[in-house]
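Inspection log for the structure reproduced underneath, given as structure tokens.
Values in this text are rule-based calculations from the coordinates and carry no lab data. Everything numeric here is computed off the predicted structure, so don't read it as measured data. No Cβ is skipped: glycine too gets one built from the backbone with ideal geometry, and neighbour counts run over all protein chains shown.
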Amino acid sequence: MSRIYLSESQNRRISAHLESAYPHEGAGFLLGHFVDGYIAATDVVIDDVIPSENSSAEDERHHRFVMTPQAWMRLEDEADRRGLRLVGCFHSHPDAPAIPSAFDREHALPNFLYMIVSVNAGRAGELRSWEISRDNQVEHICAVVSDDEWRKIMKWQTVN
Amino acid sequence: MAKIRIPTPLRAFTGGAADIDVAGATVGAALSSLVEQHPELRDHLFEKDELRSFVNVFIGDEDIRFLQGLDTEIAAGESLRIIPSIAGGRG
């Protein structure tokens with residue numbers, strides 16, 4: 001992955017969900033596809049953002065999120081039906097920076113995008129996108145584009 | 001012969017294949033058959049010889065941890081599914 005394209009509308013949906021979860025962590029899934037011919041062959045366009053329930057224990061939700069295996073199955077099946085990929089997830093770091101924590105690294109999947117949003121005093125702030133492993137993290141550029149620009153990008157040839 | 005469905009992020013280690021045919025009469029044997037065919041998967045599924053804590057294996061709607069774990073018997077034609085636990089947080 002090199003560049004992630006997110007529309008302004010999707011960005012607002014992510015922010016609204018994570019702000020509503022505050023002071024707990026909020027989370028959700030990202031459905032998307034790889035784009036051939038736009039900037040780089042490995043660019044990713046986000047087609048849909050799907051807010052999910054944080055299933056961690058009530059007294060852990062201020063610093064943890066967990067999504068159930070059932071939520072994963074539902075979303076992966078939906079992605080397959082729609083010809084998309086389950087490319088990643090998003091979650092908030094309430095009153096903390098949008099960088100992977102040791103806990104994030106410990107639980108990271110390979111080839112999966114982790115979008116992290118810092119939510120400070122209830123307001124969504126910085127959004128950063130990462131590929132994470134136990135001993136490494138690579139940041140990818142997240143381009144938030146207008147809805148019109150996003151629709152243009154969607155017309156480029158896709159590769160799954 | 002049973003079938004294992006691979007989660008999207010791990011399909012990079014199966015040449016993009018979503019479903020892999022595996023041999024074996026138990027979940028453990030089926031997973032061994034899977035990593036024999038695709039050795040790069042091993043480190044993502046196992047910690048030594050145990051399933052990593054955030055790797056779940058389902059048969060239908062049943063998590064094998066609530067059955068007999070890796071010793072759970074499987075029938076020919078059974079479909080297994082590997083599901084990662086998605087977790088994280090600010091620490």
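Structure notes:
- Distance from region B:1-32 to region B:49-70 (C-alpha centre basis), Å: 14
- Residues with amide H under 5 Å from that of A:SER101, placed H, sequence gap 5 or more: B:GLY89
- Packing, as the average of other Cβ atoms within 10 Å across residues, places the peptides A:105-115, A:129-139, B:60-70 in the order A:105-115, A:129-139, B:60-70, highest first.
- B:ASP21-A:LYS152 FRET efficiency (beta carbon distance; Förster radius 45 Å; 0.05 resolution): 0.60
- Taking a ≥ b ≥ c as the square roots of the eigenvalues of the Cα gyration tensor, an a/c ratio of 1.5 or more together with a/b no larger than b/c marks chain B as oblate.
- Estimated from helices alone, the mean residue ellipticity of chain B at 222 nm is -4500 deg cm²/dmol (sum of -39500 (n - 2.57) over DSSP H runs with n ≥ 4, per residue).
- For region A:1-92, the set of GluC sites (Glu not before Pro) satisfying both a DSSP loop assignment and a count of at most 15 other C-beta atoms within 10 Å is given as A:GLU53.
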